[in-house]
Amino acid sequence: MSLKNKNILIGIGSSIAAFKIVELAERLKKEGATVKVMLTENAKKLIDPREFRCEVITELFLKGYNYKKYLEKKKFAHIDLNRWADVIVLAPATANLIGKIANGIADDLITTVVITHKKDVLIAPAMNMDMYENPIVKKNVEALRRVGYCFIPPKYGILACEDVGMGKLADVGAIVKEMEGYFRYRNQLQGKRILVTAGATSEEIDPVRVITNRSSGKMGIAIAEEAAKRGAEVTLIRGLTIIEPAAKLKDIQIQSANEMAEAIKEHIKQDIVIHAAAVSDFSANKKDKKIDSGKSLHLELTPAAKILENVRKWNKKALLVGFKAEYRLSEKELMKKAYETLKKSDADMMVANDVGKEGRGFETDTNEVFLIDRKKKITHFPLDSKQEIARKILDSIHKLL
């Protein structure tokens with residue numbers, strides 16, 4: 001009942017999915033929340049305000065507006081609403097609505113309220129797939145994420161225009177779940193400093209070539225983003241990643257394993273260290289000149305120092321969580337190797353996964369992991385999105401605290 005007695009303000013953009021928000025408002029009320037709804041001018045053409053069984057506000061200035069009366073009463077819709085709301089959810093959020101907020105434009109009721117709001121805003125986009133994939137829209141989404149706006153991703157499926165792609169409004173149930181999670185976890189890690197590593201390191205062979213691995217950085221970045229959502233002060237140290245972090249955090253980019261080790265040492269004064277990066281196990285004797293192509297090459301690799309095994313030397317007090325990736329092992333073998341690594345590194349917990357299984361680990365949006373702690377307690381998180389796995393990992397870390 002994390003929504004009980006919460007004041008929730010819904011902003012509805014002019015997407016055909018606007019009709020679904022009638023159900024959303026009712027679901028939130030059933031959960032015990034008090035709901036108010038705002039509609040843009042064009043949204044009123046898509047959904048009749050009378051369909052909502054809650055207060056609906058559609059105008060920034062009431063009918064018969066008189067500035068003298070406003071000044072006397074000192075009542076302003078955008079100020080009163082943002083003070084009332086515990087959270088604002090924009091659903092459906094159009095490309096236009098996202099773009100205006102990202103660029104500080106406040107020219108109607110919703111944008112004025114949002115830009116005045118000092119608490120969190122959840123955004124559930126809905127639009128045609130070509131609009132959603134437009135580089136300008138993506139840039140606006142990333143800009144908002146970086147300053148702390150939370151996004152509830154759209155779904156892939158058949159759109160209102162009968163195109164098939166990403167852009168469908170998230171299910172009402174998924175939006176409710178996100179809001180419950182927001183209230184349950186938003187201050188869970190307040191005051192905690194967390195260092196997260198992510199992505200692949202690379203080692204130079206010559207001035208133009210490197211050796212690396214297939215890590216995408218998605219799992220580590222998902223953990224960093226979730227920790228930031230829960231109120232932690234997050235430092236992310238990442239190598240090569242195929243995505244950018246979308247949260248309010250300190251983002252440090254490195255290339256080699258040595259650079260990662262140095263960056264960790266520099267920022268080691270943390271309460272929690274989560275080492276999810278795929279660090280190179282070997283380094284090469286770098287050639288000063290570009291190696292000629294077209295002929296056989298013997299490359300000598302030297303085992304690299306294990307960063308995880310040194311973290312405890314740099315910070316004896318931090319809660320330390322490591323990651324162990326293996327390839328096509330039985331669950332028993334995987335747990336054995338994970339526990340051995342835990343003992344060697346003096347970690348508090350290891351997160352293990354088998355990257356040889358489809359949909360797990362490198363380059364995927366999903367993962368399946370096993371957690372093992374000092375007492376050999378094993379927790380299994382079945383195949384799920386990396387965002388959901390990140391939530392479950394942080395839940396487990398919070399229990400250790």
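For this structure, a couple of remarks:
- When residues of the stretch 110-126 are limited to those that are out of contact with any Ser or Thr (no Cβ under 7 Å at 6 or more places or on another chain) and in a helix (DSSP H, G or I), the one modelled with the lowest pLDDT: 116
- Residue under evaluation residue 361, criteria (1) of a type in the set (Gly, Ala, Ser); (2) within 30 Å of residue 178 (Cα to Cα); (3) loosely packed, with under 15 Cβ neighbours inside 10 Å, criterion not met: (3)
- Residue match in the stretch 152-171 (condition: closer than 23 Å to residue 385 by Cα, hydrophobic (A, V, I, L, M, F, W, C), surrounded by fewer than 21 Cβ atoms within 10 Å (Cβ to Cβ) and in contact (Cβ under 8 Å) with a residue 40 or more places away in the chain): no
- Subset of the stretch 190-225 [part of a strand (DSSP E or B) and surrounded by 24 or more Cβ atoms within 10 Å (Cβ to Cβ)]: 194, 195, 196, 197, 198
- Residue match in the stretch 334-341 (condition: over 24 Å from residue 223 (Cα atoms), surrounded by 13 or more Cβ atoms within 10 Å (Cβ to Cβ) and among the aromatic types (Phe, Trp, Tyr)): no
- Failed condition for residue 88, given (1) part of a loop (DSSP other than H, G, I, E, B); (2) in contact with a helix residue (DSSP H, G or I) (Cβ under 8 Å, 6 or more places away or on another chain); (3) at pLDDT 90 or above: (1)
- The residues of the stretch 183-208 that are modelled with pLDDT of 95 or more and of a type in the set (Lys, Arg), listed by number, are 192, 193.
- Just one of (1) part of a strand (DSSP E or B); (2) surrounded by fewer than 17 Cβ atoms within 10 Å (Cβ to Cβ) fails for residue 325. It is (2).
The values are calculated or read from the model by the stated rules, or taken from the named source; none is laboratory data. Every value quoted in this text rests on a predicted model; they were computed, and no experiment measured them. Here Cβ is always computed from backbone atoms with ideal geometry, including for glycine, and neighbour counts include all displayed protein chains.
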